[in-house]
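Since the structure comes first, as structure tokens, the remarks are kept for the end.
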Amino acid sequence: MAKRKNTPAKKTVPKKKPGIKKQTNKLKTKVAKKPLAKASSAAKKVTAKKQSAKKTKSKTTRRKPETLMCFLTTACVDYYSLSDNGYELNTLRNYRDTYLASTTEGKKLIQDYYRVSPEIVERINSDKKKNTVYEYIYAQVKISCSAIEDQKFLLAKRTYTNMVKTLMNKYDLN
């Protein structure tokens, strides 16, 4: 009988239940993961450094000094003493760098623009009626920016391109 009394006592000791297994596994995994977590955080730091290095490289290689400017808009903004990082320039630069630069035709337009626009600005600044010309440019810039906001990208391109053509004709730069 003594053996039978001992047997129920052993039965009251819980066998390995699923809940207990999970708790012990959690403890084991926490201990096991701590060294790995340190290693992975070091790896994350290295990866973060590589990514930041890639970001800076891509920015420097993607943007050349001459592409930082929108010549006509910059001249207009300067004429009106507006901010260089203001609404108009940021909107048009973003449009140029994303929408226009994504197509072959857009890239050609950008090249042509950078070829002719410095001369246009020079001619405008020597024009006796430059205030009228800058009023015209600023009106076209506002129309283009509004079209970009409304995601009417072709209208923005057409408006700005027509403005450049008009100025080229005015100053005999065909």
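Structure notes:
- Contour minus Cα-Cα distance for D172 and N90 (0.36 nm per residue): 26.6 nm
- Among the listed pairs K128/K170; K108/K165; K142/K170; K108/K142; K108/K129, a Cα-Cα separation exceeding 19 Å is found for K142/K170; K108/K142; K108/K129.
- Between F153 and D78, the distance separating the two model label sites (each 7 Å from Cα on the Cα→Cβ line) works out to 3.0 nm.
- Only protein heavy atoms count here; under a 1.4 Å probe, D127 has an accessible surface of about 40 Å².
- Accessible area of region 115-167 divided out per residue, in Å², using a probe of 1.4 angstrom: 58 Å²
- Karplus (6.51, -1.76, 1.60) ³J(HN,Hα), θ = phi - 60°, over region 162-170, in Hz, Gly and Pro reported as x: 5, 4, 4, 4, 4, 5, 4, 5, 4
- Residue by residue, region 72-89 carries 3J(HN,Hα) couplings of 5, 5, 4, 4, 5, 4, 5, 4, 8, 6, 8, 6, 5, 9, x, 4, 4, 5 Hz when phi is fed to the Karplus relation 6.51 cos²θ - 1.76 cosθ + 1.60 (θ = phi - 60°); x denotes Gly or Pro.
The values are calculated or read from the model by the stated rules, or taken from the named source; none is laboratory data. In this text, all values refer to a predicted model and were calculated from it rather than measured experimentally. Note that each Cβ is placed from the backbone with ideal geometry, even for glycine, and that neighbours are counted across all protein chains shown. Each accessible area value is taken on the protein alone, full model and side chains, heavy atoms only, with ligands, DNA and RNA left out. Shrake-Rupley method; radii C 1.70, N 1.55, O 1.52, S 1.80 Å.
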